[in-house]
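One structure below.
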Amino acid sequence: MPENGKLTDAYYNFHSFPFNKWADGPVAGMIGAEIGMFMETVRRADLNIITAEWVGLVSRTEPPVARTRAVLVGRDPVALDFHTAKYLLYSNSKIPVHNPEDPNGPLHQYLTACAARGGGEMDESLVPVRSHDFRTGRASSDFRVIVPRYWGFHPKMLAKYLALRLSKPH
């Protein structure tokens with residue numbers, strides 16, 4: 001593992017650079033702020049695409065999961081992450097830390113910090129969102145994608161889901 005995020009000479013790992021010589025850390029929202037700074041000063045993607053065939057409710061690789069079969073596209077990465085968290089992840093998990101609208105939650109803090117540094121827009125009313133339901137072939141005004149969940153059989157993951165689901169919001 002590179003020391004203090006340093007890869008070689010003057011090059012740092014993108015995911016660890018907030019925690020090296022430039023800033024103390026970690027603090028809430030810090031990575032979001034650094035990603036926003038990166039997008040504002042180095043490079044912002046022209047198009048952001050999120051493919052969410054499956055949404056992990058407590059893990060990126062293990063059940064429980066929801067099969068949302070969604071593809072989201074947008075020019076604003078913060079708005080897209082906010083929208084995806086609100087209407088795919090949180091609407092299926094109901095886990096408080098997944099709520100991007102909870103000002104005390106980590107997700108809200110990361111997205112707000114990223115937006116403040118120029119990474120995008122946190123106010124979803126300022127970002128046009130269009131939805132198309134391919135099953136019906138019509139535009140949809142309800143963005144929430146709530147689908148059956150596959151729970152799996154791993155006791156540790158099921159216990160983790162229950163613990164997170166029953167935890168109190170911040």
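For N99, what charge total do you get from the other residues with a beta carbon under 15 Å from its beta carbon, if Lys and Arg give +1 and Asp and Glu give -1? Charge balance near N99 sits at +1.
What does the extension gain come out to for K94 and I50, with contour length at 0.36 nm per residue minus their alpha carbon separation?
Difference between extended and current length: 13.8 nm.
When Rg and the Kirkwood radius Rh are both evaluated on Cα atoms of the stretch 60-114, their ratio Rg/Rh stands at 0.97. Would you calculate the separation in nanometres between label points at D123 and V73, each defined as 7 Å from the Cα along the Cα-to-beta-carbon direction? Between D123 and V73, the label points sit 2.8 nm apart.
Each value in this text was obtained by applying a stated rule to the coordinates, not by laboratory testing. Here the structure is a predicted model, which is why all the values come from computation and not from measurement. Every residue, glycine as well, gets a Cβ built from its backbone with ideal geometry; the counts of neighbours run over all protein chains shown.
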